[in-house]
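Undergrad: Below is the structure I would like to discuss, written out as structure tokens.
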Amino acid sequence: MKLNEALQIHLPSVDREIVNIVKHDPDVSRSSVVAEAITSLIVSGGKRLRPLMVIVGSRFGPSPDKKKIWRLAAAAEFIHAASLIHDDMLDDSPLRRGRPATHTQTGIYPAVHIGSYMSARVVELIAEYSADRKRYAFDLSSVATSKLCLGEYQQLKHAYDYDLTLEQYLEKSRNKTSLLMAACLRIGAQAAGADEAVAGKLYEFGDKLGLSFQIRDDLLDFTGTKEQLGKPAGSDLHSGQVTLPVLFALEDAELAPRIRRIGPSTPQSEVEGVIAAIKSSGSLERAEAYSVRLLEEARQIAAGLESFEAQRDLFTLLDYFGCRSR
Ligand code: FPP
Ligand code: MG
């Protein structure tokens, strides 16, 4: 069963709400490159994890205002989609969701503007909900979005940095992935008038879930196929990303010098040899165990929300995240 079905959320309605952002944009004509590129990215699929999280969060509040919640859910996907447009250019990835990435279709300059426009447009959309002096809505368009950019910058700054610490890796991963997910759950709850303590617990839950998700995504670089990843396995390692399995492998005195030698011009065959060595070093299992521990911690937070019917949605998210990645 698909995640949205398990959560009883009608995905086409979420998509309609997202497309509506473009359709009703007074500043962008529907036939423009901007509108066409955004619509094409949105209709190309995706699991809509972040909108689903906003909606799940809203089930913890007494007064879910459907229109407001769905608008926020759509805004969350808009931020995510904008970040993917920029990410694919930074990673030089020609494909997204198995289809040509936005910059492959439009060229680099328009794609930069499209991504920037989308993230700025979200601020405008969300400002509507701040008219009632509720600051929470800004968390999505400001705090979560700036953390996303910060995380990406930290990743760039630490490329080929084999002295990266576990704390730095975790901070970068939280900024890049989990804080937006955490914010989605919390904003849904706050918009539905949930108790602040409950909204805070959902934030913590989303943070742990997101971090576990990022670690699993990092593991995929070692275990995924080219078809699954849309890029050759080991691309993260080759492009200098020191992920959790790499950090663990660096503790191995024999393996460390081989990893440290990897740079932008290392031949693919050498990288493949290091990948094989990392795979048989037990580092993948350690990273997997780390990610499972985070899921367990998230499960404990969910267990404390037993007075809510929506508790079962958190368990559904946990089961889903337990076996899947980005
Ligand atoms: C995917 O990472 C990318 C992110 C989670 C965030 C990217 C953020 C930016 C590029 C900052 C710009 C943000 C805005 C809002 C314009 P990945 O490359 O590890 O995953 P992938 O395999 O899905 O590409
Ligand atoms: Mg990428």
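Readers should treat all values here as calculations from the given coordinates under stated rules, not as data from a laboratory. Note that the structure is a prediction, hence the values are computed from the model and not measured. Heads up, the Cβs are rebuilt from the backbone with ideal geometry, glycines too, and the neighbour counts pull from every protein chain shown.
Undergrad: Distance from the Cα centre of segment 259-311 to that of segment 57-89, in angstrom?
TA: 27 Å
Undergrad: So the label point goes 7 Å from the Cα of residue 293 along Cα→C-beta, right? Which residues of segment 179-221 then have their backbone N under 20 Å from it?
TA: Inside the label zone: 179, 204-220.
Undergrad: Just to verify a number: FRET efficiency for residue 13 and residue 163, C-beta to C-beta distance, R0 = 30 Å, to 0.05?
TA: Details: r = 48 Å, r/R0 = 1.60.
Efficiency computed from Cβ-Cβ geometry: 0.05.
Undergrad: Can you tell me how the chain classifies by the Cα gyration tensor, rounded, prolate or oblate, using a/c under 1.5 as the rounded cut?
TA: On the way: a/c = 2.04, a/b = 1.33, b/c = 1.54.
Oblate shape, in that a/c is at least 1.5 and b/c is the bigger or equal ratio.
Undergrad: Got the relative contact order for the chain handy, in percent, Cα pairs under 8 Å and 6 or more residues apart? All intermediate terms of the calculation are to be shown ahead of the outcome.
TA: Working: 458 pairs, mean separation 60.5, N = 326.
About 19 percent, as a whole number.
Undergrad: For residue 286 and residue 150, calculate 0.36 nm times their separation in residues minus their Cα-Cα distance, and state this gained length in nm to one decimal. Spell out each step's value before the answer.
TA: On the way: separation 136, 0.36 × 136 = 48.96 nm, distance 2.70 nm.
Gain in length upon complete extension: 46.3 nm.
Undergrad: Please state the relative contact order of segment 169-283 as a whole percent: Cα pairs under 8 Å, 6+ residues apart?
TA: On the way: 108 pairs, mean separation 24.6, N = 115.
With pairs under 8 Å counted, the relative contact order is 21 percent.
Undergrad: Continuing with the same structure: What is segment 4-103's relative contact order, in percent, from Cα pairs under 8 angstrom and six or more apart in sequence? Display every interim value, and only then the final one.
TA: Numbers: 80 pairs, mean separation 27.9, N = 100.
Normalised by residue count, the contact order of segment 4-103 is 28 percent.
Undergrad: Identify all lysines with a Cα-Cα distance to residue 23 below 17 Å; exclude those on the same chain that are fewer than 8 residues away in sequence.
TA: Leaving aside lysines fewer than 8 places away in the same chain, those within reach of residue 23 are 67.
Undergrad: For segment 222-326, what are the per-bin percents of Cα-Cα distances with bins 10 Å wide, up to the bin holding the maximum?
TA: The percentages, shortest bin first, are 13, 36, 25, 16, 8, 1.
Undergrad: Multiply the residue gap between residue 226 and residue 303 by 0.36 nm, knock off their C-alpha separation, and tell me the result in nm, one decimal place.
TA: Numbers: separation 77, 0.36 × 77 = 27.72 nm, distance 3.79 nm.
My answer for the length gained is 23.9 nm.
Undergrad: For segment 159-241, take N as its residue count and report Rg(C-alpha) divided by 2.2 N^0.38 Å. Mind dumping the intermediate values first?
TA: On the way: Rg = 15.9 Å, N = 83, 2.2 N^0.38 = 11.8 Å.
Compared with the compact-globule rule of thumb, segment 159-241 sits at 1.35.
Undergrad: Taking a ≥ b ≥ c as the square roots of the Cα gyration tensor eigenvalues, with a/c under 1.5 meaning rounded and otherwise prolate when a/b beats b/c, else oblate, which class fits segment 209-268?
TA: Working: a/c = 2.29, a/b = 1.23, b/c = 1.86.
In terms of gyration-tensor shape, oblate.
Undergrad: OK, next. Give the value in nm², to one decimal: projected area of the alpha carbon convex hull of segment 33-186, averaged over all directions.
TA: 10.0 nm²
Undergrad: Where does each of 99-109, 183-193, 113-123 land if you order them by average Cβ count within 10 Å, highest first?
TA: On the way: 99-109: 16.9, 183-193: 27.8, 113-123: 19.5.
The most tightly packed comes first, giving 183-193, 113-123, 99-109.
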